[in-house]
Every structure is written in C-alpha cells, then in structure tokens.
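Visitor: The structure is given below, and queries will be raised subsequently.
The values are calculated or read from the model by the stated rules, or taken from the named source; none is laboratory data. As the structure is a prediction and not an experimental result, all values here were calculated from the model. Counting neighbours? That spans all protein chains shown, and the Cβs are built from the backbone with ideal geometry, glycine included.
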Amino acid sequence: MNCLVKLFDKKISFIGMMLYYIVAVVTAEVDPDFHLYLLFGQSNMAGACNGWTATTTDYKAQDCDTSSRIKVMAFTNCSGNKSNPCGSFTVNRRHNQWYTAVPPLHNCNEGIGPADYFGKTLLDSIREDIRIGFIPCALSGQSITMFKKGQMSQVPDWCNQYLSQQGSVSVYNWMKERCQIAQQSGVIKGILFHQGESDAGNPNNWVRDVKSVFDNLKKDLNLSDTLPVIVGELLYSEAGGTCASMNPRVKQLASEYPKCKVASAEGLTMLEGDSYKVHFGCKALREFGYRYAKAFLSLTDDSWVPRKGNVNTSFKRILKYTAAPEKAQTEVTVFSLNGQMIFKALPGDVTHVFNARLLKGVYIVKKEFSDGATEMSSFMKE
C-alpha cells in the first residue's frame, strides 16, 4: 500500500510539475512589448485601396515597404494569392497565424486600409524594442448590429466562410476568439474602428450599439476601461460621400466614450469612380492612417513614446515647435540638442521649422525605404 501511495504521489508530483511547466511556457510567450491593435468595421478598414477599385498607378513603393516589427494575424487562409498593392509579393498565410504585415491585412483580395499607415507612422514613434501586431476583423458592408454580442442572425455566406474556420456562430464570438488567440502572444493596446456606412439610413441606435461592442470586448478580454479607441470619420459630402451624415454620430461617440478620439476625414478624397460613394482613395487612406496614429499617440504615455534612446542622437523629441509656413519647402531644418537635421516631410504634409529652445511633446516620425529615401513628419502631442 505504501508503495502505491508513493507511486501515486510521484505521479501527482510529476503531473503538477508538467502543468507548472506548461503554464510557465505559455506565460513566457506573452510579450508585453508586443503591442496589439484590433481592427474592425467595414470595407474602408478592411482595405478599400484594392485591385477591384484601384489602378496600378494608385500604388506607391512605400505601400509594400515592410518591417519584421509589424505583424498581422492572418484573417483567413491565403494560398498563392497575389497581393494587390504589392504585385511581387505572394500571400501565403494560414488562419490565425502571425506574419510580417504586408497588405492586404484582411482577406486575400483586399488592399490598403488605415492600419497600414497607422503602423508605418507608429513604428518609428515608439521604442525600438516594441513590436506591433494587428488583429484584422473588419467585414465589408456589415451593420454594427452584426458585431453585437449575442447577435446570431445568419451572416452572408462570404462572411460565414471566415467564421466557420474557427467554428464560430457569431461575428462577435469570432472577433473575441481571434483577440484571445492574439493575447497568447502580446498585449492589446488599442482599438481602431471605422464603420457606419451600412447604418447611415438608420443611425439612431448606432452610438449605443458601438459602445456595447466596445464594452463587451473590454469585459470579455479583460481590457482596461481606459484602453485607447480611435474612431474614423466617414467620407465628407464635399468629397462626394453619401454617408457623411454619420459624422456627428462619430464625434458624439468619441465625446461620450472614455479615452476615445476621432481620426478626421476632413479633406480626404473619394476613390475615383467609386459607385458606392463611400470609399476613400489610396492617397487618402495613407493620410487617414497617419491621422489614426496621431490621434492614438496623443492618448499614450511617455513610457513608450517616444522610442527610447539618447535624445541627443535620436531626434525623436525636439525642444521647440515653431510653425513657419512661409518657409515651407521640400526640405526643413530640425535643430536637436546637438545640431541640426534636414529631412523631407511625408507626402502632402506642410513642412515646418523647429527651433531647439523649449519643448515637451513634439515627435518626429521617420521612415526609411529600401531605395535609400527617407521621409519624415512631425506633430505635437496634444
């Protein structure tokens, strides 16, 4: 009997050690410096600058510039699909696995959305040891009610094929489960949201419904009540947009929801020839991504923005912000603590002159490309 007890004790001890080891390994795999962002909404978030709606001349070399610091959790299985923006790149992905983020971030045939340039802008504004991970969950043409918790109505067949890959029966559960899988690798730091076109005809409950989705996600995923949320405006009527009436609702949502900001669509242009009159053009989506990043960074803290490094050499934090539109030119001068630097602004941005005298809160966003070109832009943290 004693031998049996000892043997049983040894088995229990062994099982306990194995369970401890498994838990330790799983815990160790969660990287606190792998910052995750949930992307959801409709087609503009999914990647409206795609092969169906854009021409090859709409694409730019920087669209396909990649960094191993930016990852995407595969939206679906893609096998040998040609990337619309990046013709030389073949999309081979397995559902829910991590890959270097090259457009499309969503389904195999989508293109560039706001997240692409959100990532590019954010990349060099944060510490060098931080990585970015996207969890794409946008579904083109779907009302916000489709994303609500408990919504079990039949989704379109083309949507259901994505849900069925992980055995989900509702869009909310599918999105939540994808986030939970991502949380095994990193930490969710924000939500990027663009939706409303499908609800423009019946907008009365839209703000309430969006809030409920955010609230349920935070509860079910154990996220902070103050998790940053960025909501994008819809295409303005001046640009030909037919759903601009939703923009007051977008502003209302941001004003009522904690730690929520608007990415403005003011001045952004419609995709040429868009019969729906709701989609942003490729150039507009690049700028939109920058605006999402600017709004998001204004809500972050200095523990990870700007990136760590010697301020004398990093040029990431400048001492004085002085706008000088009259001196705007292709190149501008930036004075740091140890000298000056000449750089190009991002396409379409007004250039500024910075003087090193006083500051807190000005950040320089820099991107270097494989052809040796460098593009930089700046903004003041609000």
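Visitor: Tell me, yes or no, whether region 88-97 has at least one residue that is touching a residue at least 24 places away in the same chain (Cβ under 8 Å) and crowded, with 24+ Cβ neighbours inside 10 Å.
Guide: Within region 88-97, not a single residue is touching a residue at least 24 places away in the same chain (Cβ under 8 Å) and crowded, with 24+ Cβ neighbours inside 10 Å.
Residue-by-condition table, conditions (1) in a loop (DSSP other than H, G, I, E, B); (2) of a type in the set (Ser, Thr, Tyr); (3) modelled with pLDDT under 85:
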site: 10; (1), (2), (3): no, no, yes
site: 20; (1), (2), (3): no, yes, yes
site: 25; (1), (2), (3): no, no, yes
site: 38; (1), (2), (3): no, no, no
site: 46; (1), (2), (3): no, no, no
site: 75; (1), (2), (3): yes, no, no
site: 79; (1), (2), (3): no, yes, no
site: 86; (1), (2), (3): yes, no, no
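Visitor: Next question. Are any residues in region 136-162 among the hydrophobic types (A, V, I, L, M, F, W, C) and over 30 Å from residue 226 (Cβ atoms), and if so, which ones?
Guide: Filtering region 136-162 for residues among the hydrophobic types (A, V, I, L, M, F, W, C) gives 137-139, 144, 146-147, 152, 155, 158-159.
Of everything in region 136-162, those that are among the hydrophobic types (A, V, I, L, M, F, W, C) and over 30 Å from residue 226 (Cβ atoms) turn out to be 152, 155, 158, 159.
Visitor: Which residues, taken from region 98-130, are exposed (fewer than 15 other Cβ atoms within 10 Å of the Cβ) and of a type in the set (S, T, N, Q)?
Guide: Residue satisfying the conditions is 100 alone.
Visitor: Which residues, taken from region 260-298, are of a type in the set (D, E, K, R) and more than 23 Å from residue 199 (Cβ to Cβ)?
Guide: Scanning region 260-298 gives 272, 283, 286, 287, 294.
Visitor: Is it the case that region 247-258 has a residue that's touching a Gly at 6+ places or on another chain (Cβ under 9 Å), of a type in the set (Phe, Trp, Tyr) and in the same structural domain as residue 52 (by TED's automatic domain parsing)?
Guide: Scanning region 247-258, I find no residue that is touching a Gly at 6+ places or on another chain (Cβ under 9 Å), of a type in the set (Phe, Trp, Tyr) and in the same structural domain as residue 52 (by TED's automatic domain parsing), so the answer is no.
Visitor: Can you tell me which residue is nearest to residue 43 (Cα to Cα) among those in region 250-280 that are surrounded by fewer than 22 Cβ atoms within 10 Å (Cβ to Cβ) and among the small types (Gly, Ala, Ser)?
Guide: Among them, the one singled out is 275.
Visitor: Okay, moving on. Can residue 293 be described as touching a strand residue (DSSP E or B) at 6+ places or on another chain (Cβ under 9 Å), more than 15 Å from residue 44 (Cβ to Cβ), modelled with pLDDT under 95 and in the same structural domain as residue 126 (by TED's automatic domain parsing)?
Guide: yes
Visitor: Look at residue 125 and say whether it is in contact with a strand residue (DSSP E or B) (Cβ under 8 Å, 6 or more places away or on another chain) and part of a loop (DSSP other than H, G, I, E, B). Talk me through it step by step, then tell me what you get.
Guide: Numbers: in contact with a strand residue (DSSP E or B) (Cβ under 8 Å, 6 or more places away or on another chain): yes; part of a loop (DSSP other than H, G, I, E, B): yes.
So residue 125 fits the description; yes.
Visitor: Please go through region 198-232 and pick out each residue that is in a helix (DSSP H, G or I) and free of Cβ contacts under 8 Å to residues at least 12 places away in the same chain.
Guide: 208, 215, 218, 219
Visitor: Please determine, by comparing only the residues of region 119-155 that are more than 23 Å from residue 287 (Cβ to Cβ) and of a type in the set (Ser, Thr, Tyr), which one is farthest from the chain's Cα centre (by Cα).
Guide: Within region 119-155, the match that is farthest from the chain's Cα centre (by Cα) is 153.
Visitor: Could you tell me which numbered condition residue 241 fails, if it satisfies all but one of (1) touching a residue at least 60 places away in the same chain (Cβ under 8 Å); (2) touching a strand residue (DSSP E or B) at 6+ places or on another chain (Cβ under 7 Å); (3) of a type outside the set (Val, Ile, Thr)?
Guide: (1)
Visitor: Checking residue 40 against (1) within 12 Å of residue 113 (Cα to Cα); (2) more than 12 Å from the chain's Cα centre (by Cα); (3) of a type in the set (A, V, I, L, M, F, W, C), which test does it fail?
Guide: Answer for residue 40: the failing condition is (2).
Visitor: Then there's this: Restricting attention to region 135-189, which residues are assigned to a helix (DSSP H, G or I), surrounded by fewer than 18 Cβ atoms within 10 Å (Cβ to Cβ) and aliphatic (A, V, I, L, M)?
Guide: Passing the criteria: only 181.
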